[in-house]
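To start, the structure itself, in structure tokens.
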Amino acid sequence: MWQKVGLAALGPPYGLSISMPHLAINGGKPTLPEGPPSWPRAEDAVREALLAALADGSWGRYRGPHVERLAAALAEFHQTPFVLPCCSGTFAVELALRCLGIGVGDEVLLAGYDYPGNFRAIEAVGARPVLVDVAHDNWNLDAEPLRRALSEGNRQPATRAGATSEKELRGAIRALIVSHLHGGLAPMRELMQLADEFKLLVVEDICQCPGAMVDGRPAGTWGDCGVLSFGGSKLLSAGRGGAVFTRHADAFQRGKIFCEHGNHAFPLSELQAAVLLPQLARLAERNAARLAAAERLMLRLRDVPGLTPLVNRAAGSPVYYKLGLKYDGQVLGGRSRADFIAAAQAEGVAIDAGFRGFALRGPRRCRIVGDLAESRRAAETCLVLHHPVLLEPAETIDRVGDALARVAAAWVASG
Ligand SMILES: *Cc1c(COP(=O)(O)O)cnc(C)c1O
């Protein structure tokens, strides 16, 4: 009987022979044959902005109304007085450090899992990264490991008895870079309490989450400087571009002076600002649509083994640029993350590996506090789903869930 019908005839989850060939990577029909949507989307308002900039000649000028208008709109959006538009998010992180006067001899705390450019930004100003581990459930900075990092090693609380100079009070660690990554929110209220206690300046990287709210306050406004990106994949996109914003007049002034080389050396162009304005006007509405789609998808993934969404303990409203998932290959037939990515991409889903992280950086370039176990885990097992599909109808979101579930089911069956 077995021999005659074969395991395959019984259907999943009984046989590798039936489930495996159905995956697109094994020649089956993709769950999303249309593939992932492209980004940026074709958008009438952007087209009109481009045509208007062409008609009035502002597209070709050093100065015009758009950069100023964008700076004003971003200031209003973030309820902050000062905005410095610039050439990229990567540079904006460096500029923010310069705004805050961070430089040679200073140490800057950074998550062991973060955007690679943020490590470089610290080095670029002549400072030294001090790496701290991330939270196990959402792979963003967390108060507990940060407190340990500040208490261990050479770091003394600002209240240390007998300290005389400001420098002595501060120690070498002068600043903290906090990113909100992959739909995760860093717990800013707790982190800012620590920053206050240890007299740290804070750069808040919201390149992945413009418009997010953390504990009743816009992300990016908790710290001393907020940082935005307008890169080609980002939610607000001009192909390139970025901005720093701050409530400190002196920080703003320092940043402006750094950029002034006779001409603005790291500018955002009029044309870039022109296409960003209509996107900013629709950001809140789109963030809400992406959030609803992300929640729908995560609900679907609750029944899928091996894929666990990141969890936010901080109250607020996350924004999805990349939707982060923890990958557990052990429950998926021992398959690697790379295998999963290849199979999901073949199904038509824009999913990829997260950042490489800094857990393996040597002591010549940075100081490491603790074992960075979670940062390492994040680097090895994080999956990120790219955002454009989150603006698609619920039916498409469900097919994304189906595609991931299909790969997982096939591998559970085969393992
Ligand atoms: C994209 C990104 C940046 C840098 O932005 P670019 O404009 O692409 O240089 C910085 N930080 C984070 C967390 C990002 O995701």
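Which residue fluctuates the most in the chain, going by a Gaussian network model with Cα springs under 10 Å, if the choices are Ala274, Ala338, Ala314?
Looking only at Ala274, Ala338, Ala314, the largest GNM fluctuation is found for Ala338.
In what order do His387, His182 fall by count of nearby beta-carbon atoms within 10 Å, going from fewest to most?
On the way: His387 24, His182 27.
Going from least to most buried by this count: His387, His182.
Counting just the Cα atoms, what span does the range 283-414 cover along each of its three principal axes? Round to the nearest Å and put the largest first.
50, 43, 24
Using +1 on the beta carbon of Lys and Arg, -1 on that of Asp and Glu, and nothing else charged, what's the dipole of the range 44-281 about the Cα centre, debye to 20? Show your work: numbers first, answer last.
Numbers: 22 positive and 27 negative charges, 92 e Å.
Dipole of the range 44-281, to the nearest 20 debye: 440 debye.
Would you work out which of Ala249, Ser88, Ala71 lies farthest towards the positive end of the dipole of the chain, given +1 charges on the beta-carbon of Lys and Arg and -1 on that of Asp and Glu, about the Cα centre?
Ser88
Determine Rg/Rh for the range 328-396; Rg is computed over alpha-carbon atoms and Rh is the Kirkwood hydrodynamic estimate from the same atoms. Can you show the working numbers first?
Working: Rg = 15.8 Å, Rh = 14.3 Å.
Value, to two decimals: 1.10.
Say we join alpha carbon atoms closer than 10 Å with springs in a Gaussian network model of the chain; which of Ala394, Ala219, Ala378 then has the biggest fluctuation?
Ala394
With the chain treated as a Gaussian network of Cα nodes joined by springs under 10 Å, which of Glu380, Glu43, Glu94 yields the largest mean-square fluctuation?
For the chain, modelled as a Gaussian network with Cα springs under 10 Å, the answer is Glu43.
Name the trypsin sites (Lys or Arg not before Pro) in the range 264-354 that are in a loop by DSSP and that have at most 10 other C-beta atoms within 10 Å, would you?
Working: sites: Arg282, Arg286, Arg290, Arg296, Arg300, Arg302, Arg313, Lys322, Lys326, Arg335, Arg337; in loops: Arg282, Arg302, Arg313, Arg335.
Listed in order of number, the matching sites are Arg302.
Along the Cα→Cβ direction, 7 angstrom out, place labels at Ser38 and Ala288. What is the inter-label distance in nm?
Roughly 3.0 nm, to one decimal.
Based on the alpha carbons, how large is the Rg to Rh ratio for the chain when Rh follows Kirkwood? Provide the component values of the computation, followed by the final result.
Numbers: Rg = 23.4 Å, Rh = 22.8 Å.
Radius of gyration relative to Kirkwood radius: 1.03.
Could you tell me the calculated FRET efficiency between Ala52 and Ala124, based on Cβ-Cβ distance and R0 = 56 angstrom, to the nearest 0.05?
Working: r = 36 Å, r/R0 = 0.65.
About 0.95, to the nearest 0.05.
Just so you know, all these numbers are worked out from the coordinates, no wet-lab data involved. Note that the structure is predicted; figures quoted are calculated from it, not measured. Methodologically, a virtual Cβ is constructed for each residue, glycine included, from the backbone with ideal geometry; neighbour enumeration extends over all protein chains shown.
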